[in-house]
Amino acid sequence: MNHRLTNSEFNRLSSFITCNYGIKLPEKKKILLENRLQKRLRELDINSFGEYIEHVFSDPGLQNELVHMIDSILTNKTSFFREKQQFEFLKDEVLPSIYKNKSKNDEFRIWSAGCSSGEEAYTLAFLLSEFKSNNSDFNFLITATDISTRMLKTAKKAVYPEKLVIDVPVHMKQKYLLKSKDRHKKSVRIAPELRNIIHFEQHNLIEKEYSAFDSFDVIFCRNVLIYFEKQTQHEVLDRFTEKLRKNGYLFLGLSESLASFNLPYKLAMPSVYIKTATKSTHKAL
Ligand SMILES: C[S@@+](CC[C@H](N)C(=O)[O-])C[C@H]1O[C@@H](n2cnc3c(N)ncnc32)[C@H](O)[C@@H]1O
């Protein structure tokens, strides 16, 4: 049986979600929210959204259910080598130029912000490991964060159906992927040496402080800001700007852009920006 969300129930949930997670949920997303939460109601054997909302905002609900509610709302679509031209640019332009200007002990630091189930972070790990095999003194650190507990669990486990790795080049598959011993499973696992070099952490991008994170040479935040209100996008971008080194690169999704923000970047290729000043000098309009 399908349950219906009333307008006031929708408003209560959508303002809570926007306020705490940045995700915009205008009126037209009501059916989407309703559909995405149906499964939770069924799993909990709850018969109305009114009852579900009471549960989610109760003390035990805030402790145990909130994480499931947020997980069922988030859009987690991702893939290995998604928007491939950006990875080509990273490999051919960004890595050589940053490597050339780095002192020996200075490690290359990259952040996949909104990493979903890990495909973006592992794609970075493949490329950086390949770069290191040609430049042995190149050291790097990958941080990968997401708000979703479920996605981070998948990312850390690093087991993917074989059909999801078709875009990984053959020589990288041979080097960095392990086949399941159970031949019926048709899954692969990322090799332990790559799993161990990524620091996966839970982080909410709308938090005011990113104090746990040091400065980065490159930040990937692709297909995440698109879900946020404009003001939230600006605040997140300001914090990225603080965490990015001068001449560092910010990679956004192909449908995202900095065009409407006054931020100290210049365009390097579509949706990829290079930071031109050490600190953000502009506030939201
Ligand atoms: C569509 S996926 C993008 C994954 C990957 N970056 C890519 O482009 O393939 C968006 C991710 O952003 C995460 N996300 C949404 N709101 C967030 C927030 N407030 N803080 C951190 N991550 C968030 C979601 O959990 C989801 O995994």
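Relative contact order (percent) for the chain, with alpha-carbon contacts under 8 angstrom and 6 or more residues of separation? Please report the intermediate quantities before stating the final value.
Working: 401 pairs, mean separation 45.9, N = 285.
Reported relative contact order: 16 percent.
Check PHE140: other-chain or 5+ apart residues with amide H under 5 Å from its amide H, H built from backbone geometry?
Residues meeting the amide H criterion: PHE108.
With the other protein chains left in place, how much accessible area per residue, in square angstrom, belongs to segment 18-102 at a 1.4 angstrom probe? Mind dumping the intermediate values first?
Working: 4600 Å² over 85 residues.
Spelled out: the 1.4 Å probe surface of segment 18-102, per residue, equals 54 Å².
With charges set only on the Cβ (+1 for Lys and Arg, -1 for Asp and Glu), what does the dipole of segment 7-156 come to about its Cα centre, in debye to the nearest 20?
Details: 21 positive and 21 negative charges, 57 e Å.
Around 280 debye, computed over segment 7-156.
For PHE228, list long-range residues whose amide hydrogen, built 1.01 Å from N in the peptide plane, is under 5 Å from its own amide hydrogen.
Residues meeting the criterion, in which the H sits 1.01 Å from N, are LYS24.
What is the P(r) of segment 148-229, as percent of Cα-Cα pairs per 10 Å bin from 0?
That works out to 13, 36, 32, 16, 2, in percent per bin.
Of the lysine pairs in segment 53-112, how many meet both conditions: Cα atoms under 24 Å apart, and a spacing of 8 or more in sequence or different chains?
Lysine pairs, 8 or more places apart or on different chains, close enough: 5.
Over the chain, with every protein chain in place, what whole percent of the accessible area is carbon and sulfur at 1.4 Å, could you tell me? Before the final figure, lay out the partial values.
Details: 7480 of 14760 Å².
The nonpolar share, carbon plus sulfur, comes to 51 percent.
Only Cα pairs under 8 Å and at least 6 apart count here; give the relative contact order of segment 1-120 as a rounded whole percent.
Numbers: 62 pairs, mean separation 27.4, N = 120.
The value is 23 percent.
Determine the distance separating the Cα centre of segment 206-251 from the Cα centre of segment 67-134; give it in Å without decimals.
15
Report ³J(HN,Hα) in whole Hz for each residue of segment 36-48, in order, from the Karplus equation J = 6.51 cos²θ - 1.76 cosθ + 1.60 where θ = phi - 60°; Gly and Pro get x.
Calculated HN-Hα couplings, in order: 5, 8, 3, 4, 5, 4, 5, 4, 8, 6, 9, 9, 7 Hz.
Over the chain, what portion of Cα pair distances is larger than 36 Å, expressed as a whole percent? Show your work: numbers first, answer last.
Numbers: 8941 of 40470 pairs.
Cα-Cα pairs of the chain separated by over 36 Å account for 22 percent.
On a 0 to 90 degree scale, rounded to 10, what angle separates helix 230-243 from the longest Cα axis of the chain?
It works out to around 30 degrees.
Let me check I've understood the local charge: for ILE166, count other residues with C-beta under 13 angstrom from its C-beta, Lys and Arg +1, Asp and Glu -1. What total comes out?
+2
Quick one: what does P(r) look like for segment 7-73 with 10 Å bins over all Cα pairs, in whole %?
Percent of Cα pairs in each bin: 20, 63, 17, 0.
For a quick protection proxy, order the peptides 232-242, 89-99 by their average other-Cβ count within 10 Å, most packed first. Walk me through the numbers on the way to the answer.
Working: 232-242: 20.1, 89-99: 17.0.
Packing proxy ranking, top to bottom: 232-242, 89-99.
Once you wrap a convex hull around the alpha carbon atoms of segment 175-219, what is its projected area averaged over all directions, in nm²?
Numbers: hull surface 21.5 nm².
That works out to 5.4 nm², a quarter of the Cα hull's surface.
Top to bottom by accessible area (1.4 Å), largest first, where do HIS55, HIS171 land? Before the final figure, lay out the partial values.
Numbers: HIS55 65, HIS171 95 Å².
Sorted descending by solvent-accessible area, the residues read HIS171, HIS55.
What area, in nm² and to one decimal, does the C-alpha convex hull of segment 68-193 cast on average over all directions?
8.6
With N set to the residue count of segment 75-120, report its C-alpha Rg divided by 2.2 N^0.38 Å to two decimal places. Walk me through the numbers before you get to the answer.
Numbers: Rg = 13.1 Å, N = 46, 2.2 N^0.38 = 9.4 Å.
Rg over 2.2 N^0.38 Å, computed on Cα atoms: 1.39.
Quick check: net charge around PRO270, other residues with Cβ under 11 Å of its Cβ, Lys/Arg +1 and Asp/Glu -1? Provide the component values of the computation, followed by the final result.
Details: positive: none; negative: GLU83, GLU256.
Neighbour charge sum, excluding PRO270 itself: -2.
Under the Karplus relation 6.51 cos²θ - 1.76 cosθ + 1.60, θ = phi - 60°, what is the ordered set of whole-Hz ³J(HN,Hα) values for segment 74-84, x standing for Gly and Pro?
Karplus-based 3J(HN,Hα) across segment 74-84 equals 5, 9, 10, 3, 7, 6, 5, 6, 5, 6, 3 Hz.
The values are calculated or read from the model by the stated rules, or taken from the named source; none is laboratory data. Bear in mind the structure is a predicted one, so any value in this text is a computation, not a measurement. Virtual Cβ from ideal backbone geometry, glycine too; neighbours counted across all protein chains shown. For the accessible areas, the whole protein counts, side chains as well, though only heavy atoms, and no ligand, DNA or RNA atoms are used. Shrake-Rupley method; radii C 1.70, N 1.55, O 1.52, S 1.80 Å.
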